[in-house]
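A short write-up of the structure that comes next.
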Amino acid sequence: MGHRKGYKIGLICVMIAMLSLAGVTLNSLNKSRAELGLTRVQPLENAPPVLAFTTKALGGFRGLIANALWIRASKLQESGKYFEMVQLSDWITKLQPHLAAVWVHQAWNMAYNISIKFNEPKDRWPWVHRGIRLLRDEGLQYNPREPLIYRELAWFYQHKIGEYLDDAHNFYKWYLAKEMSEALGPKGPPNWAELLDPKTDEQRARVQLLREKYKLDPAFMKQVDDYYGPLEWRLPESLAIYWATFGLTKTEAEKLKREDLITLRRVIYQSLQLAFRRGKLVRLGETEGDILYGPNIHVVKVANEAYIRQMEMQPDQAEHMSTGHRNFLGMAVYFLYTHNRKEAAGEWYKYLLERYPGAVQPPKNLDDYALSRISEDVGEIDHNRVKAIIMGVFEIAFMNYGVGEDDVAVNHELFAQRLWTRFMEAINSADQKQRQRVGLPPLKELREEVLARVLSDDYGLDPIINAQLRTRLNIPADAYRTPATTNAPPAAAAPEPQP
Amino acid sequence: MQQVLAITKLTLKAALRFRLVQVLGTLLLIGVVALPAVIEHDGTARGFIQIILTYTLSLIGVLLGFATLWLSCGLLAREIEDAQMQMLDVKPVARWQVWVGKWLGIVALNAGLLLVSGAVVYALMMYRANKLPADEQRVLAEEIFVARGAAREPIPDYKADARLVLQQNFASGPPAGVEPQQLEAFIEARVKAQYEAVEPLHIREWTLDLGDAADLRDAPIYLRVKYNAAVPSGTENYLLWWEAGPPERIMNLLTETTFRNDPYGYVPGHYYRTNLMMAYEGFTEFKLAPNLFNDQGVIKVRFYNYTSSPMSFPLEDGLEVLVRRGGFGLNYARGLGILLFWLSLLAAIGLTASTFLAFPVAAFCSICLLIISFSTGTLEQIIEEGGITQINANTGYADEGSILNKIAVPAARGTLAFLQLARGFAPIDNLSSGRVISWNEFAMALVKIVVLMGGMFALLGILIFNKRELATAQTGH
């Protein structure tokens with residue numbers, strides 16, 4: 001009997017020893033799995049109990065169920081039935097919450113594939129918005145250190161809303177600007193003091209909206225604005241920069257593939273270039289799609305720095321990227337020149353020639369270079385660029401009126417008229433929807449906008465020239481005194497955003 | 001008949017005694033009421049109603065389906081195992097009467113539960129719909145709470161045309177290195193594409209019979225279109241130009257300039273034209289003006305391809321005209337009826353399995369049978385590839401006629417033919433998209449699902465039950 005008891009105790013001891021050994025091995029194995037990136041071993045973050053339980057309880061069957069749901073979603077999509085897509089996407093992502101590619105695919109499918117199946121912009125926007133919400137409100141909640149999700153979210157803002165490839169892009173921009181105005185205040189740049197330390201109920205409500213609905217942190221927004229701005233936070237490229245920068249700060253400490261971080265950095269400099277071309281909100285009307293934007297020439301320096309930083313971090317791609325950088329500098333010179341920033345244009349032109357000695361062939365002085373670019377761009381098809389050029393030409397015209405050079409001024413006005421007419425004729429062969437998508441606002445509107453900006457106090461025009469311009473164009477002394485722009489240059493250089 | 005009804009009553013009593021009805025009824029009501037609160041929809045009233053209909057009816061189908069299988073497998077198998085059937089067997093009741101009585105009992109139980117849960121879904125849906133703004137109620141009334149029928153052009157016999165092309169051009173067989181099946185598939189695809197394609201600056205006309213003109217007077221007419229573009233547009237859609245009207249009154253073909261200058265023309269009773277940005281590779285539905293058909297109910301639809309890309313409209317579903325065929329209430333009732341037919345088939349399968357198998361094995365076999373019925377894609381693939389082994393990766397066909405392949409293909413063909421009897425009926429899909437379930441379709445479902453498929457299982461089940469030696473199944477006594 002004693003022998004039998006000893007045998008059992010021995011077996012229990014062996015069992016405990018084996019379990020302990022298995023525990024030690026398991027830890028070591030999990031560590032290796034994490035190091036080698038074989039599987040995800042961390043528990044699901046921020047998951048509600050039901051989701052945490054489901055992911056554990058279903059085990060390997062989750063994949064099978066997700067597959068079945070995915071097949072159903074594909075079939076429904078093929079037959080044009082979209083009413084179930086939101087629910088199916090929700091289930092599919094919840095069943096595989098750790099797979100970033102699943103989040104990205106489902107969001108992309110809604111924002112890109114399903115949205116375009118609807119004719120009306122107001123019917124398309126909810127699908128774009130759903131794609132954004134899926135990534136921002138849920139994907140990032142469970143995967144806060146996943147660069148792929150940050151990159152895709154930023155890309156939706158930069159490309160889907162920010163570019164003009166979707167017929168409804170103006171509506172998207174308008175709707176987004178309206179939403180952001182609700183959180184940031186209707187006019188002008190954000191009042192950071194209010195957002196960082198709200199005093200009134202109205203201010204607190206706006207900050208709550210910003211944090212809870214749009215998942216934006218005002219303190220981090222300010223850091224981004226100080227570093228890359230001034231940015232127009234009601235336009236999509238600013239949000240693209242925010243999410244890419246936020247993604248970098250959240251993921252840089254992780255052991256990730258270099259390419260993952262590079263894609264985030266790429267979003268930043270591409271969005272800055274976009275902000276330079278048209279990152280200023282000129283008008284935000286009440287009618288659907290009534291939005292007018294122009295170039296934000298204040299961000300040229302930070303955009304340039306973002307390019308250089310990216311080239312330094314990717315020496316193997318530097319040569320390839322230098323082409324983009326050179327084009328950006330050429331465009332910057334030209335935009336500054338056409339916007340009557342001749343001094344700044346000269347400095348950047350000098351910088352262009354120093355950095356890329358063969359960039360301008362045959363060698364030209366600044367005036368000749370700018371004029372040759374204008375001639376090139378007369379055939380340009382990017383409506384943002386053409387609009388920026390026209391507005392720049394008007395600016396030069398008004399300066400010339402101000403200094404009494406009426407002939408030069410009239411010539412520039414005529415030139416602006418020619419550019420506008422030529423572009424509109426070029427797109428006239430396109431159908432009505434396309435004309436609506438890439439068409440320019442009426443010339444009178446563009447002229448009015450530039451005039452308002454030039455005459456505003458913020459523009460800082462010499463009072464005598466200002467008065468002469470008013471007299472020449474028969475404008476009362478008190479008209480256009482309020483600032484027309486929404487962006488102002490930064491007071492001082494700011495530190496890089498920190499996590 | 002008296003014996004059958006007595007068994008039916010006993011079956012219903014047994015279900016009540018097991019508290020199955022109470023549990024199932026409660027589950028159904030909770031599900032039907034709670035589901036709308038947890039489902040995420042696309043944000044539109046139409047999407048909300050569609051998803052409620054789809055998910056609540058699916059939930060009802062799934063719950064009742066599992067309960068039916070459990071009940072049908074359990075009732076008979078357990079009574080045989082517990083020797084209760086021996087007591088019944090000595091009474092003047094034929095075994096087929098026992099089988100039919102139990103089947104009727106389960107069907108009656110399902111009918112009752114389906115009626116109650118279906119009525120609750122209907123009432124809840126109408127209650128929610130009535131609270132919506134008038135505009136949305138109108139959309140629901142025209143597109144969801146309606147029974148719309150689809151008029152399509154008959155599909156031309158392009159396979160016969162393809163055979164003719166083959167005979168004329170390849171009488172001596174396919175060129176060297178090309179498999180006969182490959183050549184046949186290629187020619188068939190080419191001929192079909194000729195029917196479907198519309199080249200740039202060309203038109204395509206469809207003449208469709210909508211039915212009785214008097215019934216359609218002033219009713220909304222919708223065009224549902226699906227097309228593919230040979231040249232991607234960049235924005236994934238094209239501006240398409242449409243014209244519709246009675247064949248005799250519609251204007252002569254328009255020039256591009258005329259149409260572009262007046263793209264939204266409408267002369268009541270004569271023609272209606274419009275242009276729309278439409279995404280390719282998906283369906284777009286849009287409303288036409290009413291009364292665009294002649295006295296015989298025939299409408300002509302024209303598509304003008306003013307784009308630079310060839311377009312193609314699939315013969316199967318490239319274009320259809322949707323018109324009202326009836327009200328939603330009766331359509332809904334017919335849809336529930338088809339659900340009941342499926343449940344009746346499940347009951348027959350379960351009862352048949354339980355005549356010769358123990359309860360767990362019968363349930364397992366019935367579920368396996370259901371899984372096979374969902375695998376028609378695999379069966380189709382076996383037939384298409386000519387087997388299940390030695391499939392040539394280059395041609396996609398089985399190169400050699402092995403014994404396995406020779407057995408697999410006819411077996412797959414036979415199974416598929418049997419399963420096809422129940423396929424093609426999609427009451428939930430039809431209801432959620434406002435499509436009509438006609439009386440004809442309803443009758444076909446009854447005949448195919450209940451009479452033919454259910455009848456085959458019933459015959460098999462009764463036959464086995466009659467031959468079964470009940471005493472050998474007795475356990476635990």
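The values are calculated or read from the model by the stated rules, or taken from the named source; none is laboratory data. Since this is a predicted model, take the numbers as computed values, not measurements. Neighbour counts run over all protein chains shown; Cβ positions are idealised from the backbone, glycine included. What goes into the accessible areas is simple: the full protein's heavy atoms, side chains included, and nothing from ligands, DNA or RNA. Shrake-Rupley method; radii C 1.70, N 1.55, O 1.52, S 1.80 Å.
A few comments on the model shown:
- Length gained on full extension, B:GLN194 to B:ASP317: 42.7 nm, using 0.36 nm per residue less the C-alpha separation.
- Surface/4 of the Cα convex hull for the range B:370-477, nm²: 12.3
- Pairwise Cα inverse-distance average, inverted: Kirkwood Rh of the range A:125-206 (Å): 14.5
- The range A:169-252: trypsin sites (Lys or Arg not before Pro) in DSSP loop, at most 12 other beta carbons within 10 Å: A:LYS187, A:LYS199
- With a 10 Å cut-off around each Cβ of A:114-124, the average count of Cβ atoms from other chains is 3.
- Cα gyration tensor shape of chain A, rounded if a/c is under 1.5, else prolate or oblate by comparing a/b with b/c: prolate
- Less than 5 angstrom separates the built amide H of B:ASP42 from those of B:PHE48, all sequence-distant by 5 or more or on a different chain.
- Shape category assigned to the range A:250-341 from the gyration tensor of Cα positions, a/c cut at 1.5: oblate
- Taking every DSSP helix (H) stretch of at least 4 residues in the protein assembly as shown, weighting each as -39,500 (n - 2.57) and dividing the sum by the residue count yields a mean residue ellipticity at 222 nm of -19500 deg cm²/dmol.
- Anisotropy class of chain B from Cα gyration tensor, a/c 1.5 cut: oblate
- Spherically averaged projected area of the convex hull of Cα atoms, the range B:146-246: 10.7 nm².
- Debye intensity ratio in log₁₀ form over the Cα atoms of the range B:18-117, taken at each q of 0.11, 0.23 Å⁻¹: -0.47, -1.16
- Kirkwood Rh (inverse of mean 1/r, distinct Cα pairs), the range B:64-128, angstrom: 13.8
- With 29 Å as the limit, the listed pairs A:LYS215/A:LYS387; A:LYS213/A:LYS387; A:LYS122/A:LYS213; A:LYS31/A:LYS250 have A:LYS215/A:LYS387; A:LYS213/A:LYS387 beyond it between alpha carbons.
- Bridgeable lysines around B:LYS9 (alpha carbons under 30 Å apart, same-chain partners fewer than 8 residues away excluded): B:LYS91, B:LYS102, B:LYS448, B:LYS467.
- Listed by chain and number, the aspartates and glutamates whose C-alpha is less than 19 Å from the C-alpha of A:LYS350, apart from same-chain residues fewer than 8 away, are A:GLU305, A:ASP367, A:ASP368.
- Extension gain, A:ARG355 back to A:ALA318 (0.36 nm per residue minus Cα-Cα distance, nm): 12.0 nm
- Pairwise centroid distance, computed over Cα atoms, of the range B:60-109 with the range B:339-409, Å: 26
- With N counted as the residues of the range B:45-199, its alpha-carbon radius of gyration over 2.2 N^0.38 Å works out to 1.89.
- With a simple spin-label model that places each label point 7 Å from the Cα along the Cα-to-Cβ direction, the separation between A:ALA479 and A:LEU19 comes to 8.8 nm.
- With R₀ fixed at 35 Å, the C-beta to C-beta distance from B:PHE418 to B:VAL21 puts the FRET efficiency at about 0.60.
- 1.4 Å probe accessible area per residue over the protein assembly as shown, in Å²: 48
- Lys/Arg +1, Asp/Glu -1 at C-beta; the protein assembly as shown dipole; positive extreme among B:ALA412, A:HIS3, B:VAL198: A:HIS3
- FRET E, pair B:VAL447, B:ARG128, Förster distance 35 Å, beta-carbon r, rounded to 0.05: 0.45
- Stretchable slack from A:ALA101 to A:LEU165, in nm (0.36 nm times residue separation minus alpha-carbon distance): 20.6 nm
- With the largest listed first and rounded to whole Å, the semi-axes of the equivalent ellipsoid of the range B:292-432 from the Cα gyration tensor are 39, 31, 11.
- Note on the range A:94-253: Kirkwood radius taken over Cα pairs, Stokes-Einstein applied at 10 °C and 1.306 mPa s, translational D equal to 98 µm² s⁻¹.
- The mean of 1/r over all distinct Cα pairs in the protein assembly as shown, once inverted, gives the Kirkwood hydrodynamic radius of 34.2 Å.
- D (Stokes-Einstein, µm²/s), Kirkwood Cα radius, the range A:289-372, 1.567 mPa s at 4 °C: 94
- A:GLU305-B:GLN181 FRET efficiency (beta carbon distance; Förster radius 56 Å; 0.05 resolution): 0.35
- Pairwise label distance in nanometres, A:ALA467 with B:ALA34, each label 7 Å out on the Cα-Cβ vector: 7.9
- When you restrict to C-alpha pairs under 8 Å that are six or more residues apart and normalise by the size of chain A, the relative contact order lands at 12 percent.
- Distances between placed amide hydrogens fall under 5 Å for A:LYS280 paired with A:GLY294, A:ASN296, all partners being 5 or more residues away or on another chain.
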